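The values are calculated or read from the model by the stated rules, or taken from the named source; none is laboratory data. In this text, all values refer to a predicted model and were calculated from it rather than measured experimentally. Virtual Cβ from ideal backbone geometry, glycine too; neighbours counted across all protein chains shown.
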Amino acid sequence: MTRFTILERSDADLQVVAEFSDAETDTYPVGPQRLMIELACHDPAGIGTEILRRADRRLSDMVGEFNEILAVGGHHRMVVQYVEARLATLPADGDAFHRGLLDLHDDLALREQADPALLLSAAMRMPEETARACLQVARQRLGREAA
């Protein structure tokens, strides 16, 4: 199964998400397989040429980042950056934090990452055992069975 890397750029009113295939290819540079452009707030004009120009600049940055990282063999670093970005959006505490942490773990597992807890520990800059303990506490608080 093909693995994907997701890169995202957003500001106050625009979000651009690109999904790149990690499959080996002779093509360089590699562009995304999927692209999402979303306005953060309602604009009666919708997505017009100005928005597309701004999205294109962000997409160009992401294509450059993806291809440079692949050139130096940094898939692991790219995944850790994705996890760091997701962790930054979690609430500070409470059940919402634990739910988000478990959802992120499940997301990594669905993307067939070899060891989601290890990726979480790298992104959270803590020992693997501590990350696993955090996941266990989250499961207990939310009444989920240990996975």
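Of all the numbered requirements in (1) surrounded by fewer than 19 Cβ atoms within 10 Å (Cβ to Cβ); (2) at pLDDT below 90; (3) not polar (S, T, N, Q), R141 misses one, and that requirement is (2). Give all pairs with beta carbons closer than 8 Å in which a residue from the range 1-26 that is hydroxyl-bearing (S, T, Y) meets a residue that is loosely packed, with under 10 Cβ neighbours inside 10 Å and at pLDDT below 85; count only pairs at least 6 apart in sequence or on separate chains. Partner pairs satisfying both residue conditions: S21/T2.
Of all residues in the range 4-14, none are over 15 Å from Q81 (Cβ atoms), part of a strand (DSSP E or B) and of a type in the set (D, E).
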